[in-house]
Amino acid sequence: MSEHWIRLRGAWERYDLAAVPAVAQRVTLPLQRLDAPIRLVRRFNTPPLDPGCESLVLRLEHVPGLVAVRLNGAAYDGPLASDLTIPLDSFGPLAARYELVLEVDPPDVHHANESWGQIALVVARENGPGGACDAESGVG
């Protein structure tokens, strides 16, 4: 299996949940400091896929304090951890456009030298014998 990573670094909207009103601030991941509960929002398009041999997952790494993940309004109902891999089709059929919302309540212990949030879309492709994709398909 091969993977193609599409990192979701820029174009995030950060909302400080303690502020009234919560105003969007543009940020780029990874964040260097988290000291209050926040909401992060990122919009993206689905990359072209060959549904016969490629799948799409959301990979979240170094996200301690994650308390909710929503995609197009649908909540992820699996266990939350500092590192997660979530198939996008677990939220329903793939859509052309997405809005990803992350709710974060940072842990009490913060290490100043640790950054928060490596997030990517990962296109996984089945290759080789028995895989649906092969070099002659001309797809992807």
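The values are calculated or read from the model by the stated rules, or taken from the named source; none is laboratory data. Keep in mind that this is a model prediction, so the values were computed, not measured. A quick note on method: Cβ atoms are made from the backbone with ideal geometry, for glycine too, and the neighbour counts reach across all protein chains shown.
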For region 46-67, name all the residues that are polar (S, T, N, Q) and in a strand (DSSP E or B).
-> Ser55
Would you call Arg7 touching a residue at least 40 places away in the same chain (Cβ under 8 Å), under 15 Å from the mean Cα position of the chain (by Cα) and surrounded by 15 or more Cβ atoms within 10 Å (Cβ to Cβ)?
-> no
Residue within region 89-105 that is under 18 Å from Ile6 (Cα atoms), among the small types (Gly, Ala, Ser), out of contact with any Lys or Arg (no Cβ under 9 Å at 6 or more places or on another chain) and surrounded by 12 or more Cβ atoms within 10 Å (Cβ to Cβ) present = yes
Scan region 23-45 residue by residue and report those that are part of a loop (DSSP other than H, G, I, E, B) and surrounded by 14 or more Cβ atoms within 10 Å (Cβ to Cβ).
-> Leu29, Pro30, Leu34, Pro37
Which residues, taken from region 48-71, are closer than 23 Å to Gly10 by Cα, surrounded by fewer than 13 Cβ atoms within 10 Å (Cβ to Cβ) and not hydrophobic (A, V, I, L, M, F, W, C)?
-> Pro48
Looking at (1) at pLDDT 95 or above; (2) part of a loop (DSSP other than H, G, I, E, B), which is the only condition Gly78 fails?
-> (1)
